[in-house]
Structures are given as structure tokens and as C-alpha cells.
Amino acid sequence: MLVNPKHLASYVTPNNMLVIEVPIHNPETERRIAQAKNDNQSLAQFGQYRDLLFDYVGFLAGSDFQPRIVDKGNNQKQLEMSIGMKNYRPDEIKVSVKNNELIVQDEHKHKNKNRSERSFFFKSTILPPGTQLDQLQSRLTDGGRLKIETPYIEQKEATKSIENPKK
């Protein structure tokens, strides 16, 4: 990201808070805007007044926060997931499961004599049947990704034979 200090604007709010605004040049955001404009046909379902900053293509392609079943050999399978959490500390991240829904959330607070910041993060997904919830583990990698893993036992579909109807 690049900042253009020539276009800096500042003002004081009615409750005496100083607000400083600086336009940011973000090549990734500009690429997404150009891609969204070019993908008009596949994105027509979102209407003509869609937000150019939203990653519709990524939204349609899915998220990296989806359970993947990985074959570990020896008839062992494991559910794996990961999500970028680079700007969060391990002690702030909360991973929980409620009614088979995996929830990752975080509340980050930063305060010093000049400012106070607070940000929130929330992601959730439904775990498939066969997920061994009591063995679920999560860890934050050196690269800032939250890795979630647990054994997975594939559920066999129950089949029932039905006799032919009698005449």
C-alpha cells in the first residue's frame, strides 16, 4: 500500500476527536476493482449497483475457511482448515464449536496515550458429520495462519432393502 500525503485531510469531531484521513493506493484493491468490472456477465446476479471493493469473484469461488478431508493413509482421514490471522495474537483468538458449527472469533484492543483501537473478527462454518470434535486442535503458524485439524471418520450411509410389493 502506498500513501499520498499531498491529499491528507484532518478535522476535529464534535466530541473533540481528531480524525486524519489519507488516501491509500492499494494495487490489490485496484486489481479487484478492474476484475469486478471485467466480470460483469458472471456478476450480473448482484445487480448494477454492487460495491466495487467487494471481492465478488472470491466470494463465488468460496473461502479458504472450508473443511477439507485429507487422506492420511492407513484408513485415517483428517479434517483440515486454515485461515489467515496474521495481525492477531494467539491469546486473542477464540476457537469454539457449538451445535456442530466451528466458530473463530477475535477481539483486538490497542490503547496508548494518543489513541484507542478495537477490531473484531468472526468466521464460522458447519462441520460435516464424522468430525471428531473432542479431538479438535488449533494452532497459529509462524506465517500467521490459524490451522485447525481433527480426525474425521467417514459416516457410512445406512441402506435398507425393501421387498417388492405383493399383489
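Tabulated data for the structure shown
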| read-out | value |
| --- | --- |
| Calculated on alpha-carbon atoms, Rg and Dmax of the stretch 63-155 in Å | 15.4, 58 |
| Cα-Cα over 22 Å, subset of Lys86/Lys113; Lys94/Lys123; Lys6/Lys113; Lys123/Lys147; Lys98/Lys156; Lys94/Lys147 | Lys86/Lys113; Lys6/Lys113; Lys98/Lys156 |
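Quick note: the coordinates plus some simple rules give every number you see, no bench work behind them. Owing to the predicted nature of the structure, the values given are computational and were not obtained by experimental measurement.
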